[in-house]
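**Student:** My questions will all concern the structure given below.
The values are calculated or read from the model by the stated rules, or taken from the named source; none is laboratory data. All values derive from a computational prediction rather than experimental measurement. When we count neighbours, we look across all protein chains shown, and the Cβ atoms used for this are built from the backbone with ideal geometry, even at glycine. Each accessible area value is taken on the protein alone, full model and side chains, heavy atoms only, with ligands, DNA and RNA left out. Shrake-Rupley method; radii C 1.70, N 1.55, O 1.52, S 1.80 Å.
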Amino acid sequence: MTERVNTPTGPAFRSSTCRDDYENMRTAKVCGQVLHMQLSGLRAYREACRLFAKRSGWSAARIKRTGGRPILLTGSWRSCALQRHLHDLDPKRFADPDGSLHPQGLAIDVDTGTPDFEDAHKALASVGWRRARSDEPWHHSWGFTA
């Protein structure tokens, strides 16, 4: 069964079983990074980069030219097969594919070495990205929480 939630940037979809092929999946270069995720998540990530840049004192011209300050990621989309493989290797570190939002294009892992990491989180949170777990401050979900 596929669940739909309407977000400010468009619909997000989630299935109770691993699925990595939604019609609204897109690959795009956003803030200097190539990402593959659901379109509403891409839009929200783009807006978070703009806010992060604005809060960092970037000029409007610089934001327009670059698209925003990159929020560096260590992970985003993973195929169901890769998520299964990672989970089999280390189930304490990687979620079961049926419970993970990474294959569904709805999760990102922010590099904790990012300068101004907490400011990056605040920019993400202000547009709707959520930290799913307190023990994983790098992990953010879009539209749903896993």
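**Student:** Would you say Arg65 is assigned to a helix (DSSP H, G or I), charged (D, E, K, R), farther than 16 Å from Arg19 by Cβ and modelled with pLDDT of 95 or more?
**Tutor:** no
**Student:** Residues in region 64-91 that are open to solvent by 30 Å² or more (accessible area, probe 1.4 Å) and out of contact with any Cys (no Cβ under 8 Å at 6 or more places or on another chain): how many?
**Tutor:** Summing the residues that are open to solvent by 30 Å² or more (accessible area, probe 1.4 Å) and out of contact with any Cys (no Cβ under 8 Å at 6 or more places or on another chain) in region 64-91 gives 17.
**Student:** Separate question: Taking region 18-55 as the region of interest, how many residues are open to solvent by 50 Å² or more (accessible area, probe 1.4 Å), assigned to a loop (DSSP other than H, G, I, E, B) and over 26 Å from Asp98 (Cα atoms)?
**Tutor:** 1
**Student:** Here's something else I'd like to know. How about region 94-144: which of its residues are free of Cβ contacts under 8 Å to residues at least 40 places away in the same chain, among the β-branched types (Val, Ile, Thr) and either within 21 Å of Pro8 (Cα to Cα) or open to solvent by 30 Å² or more (accessible area, probe 1.4 Å) (or both)?
**Tutor:** Scanning region 94-144 gives a single hit, Thr112.
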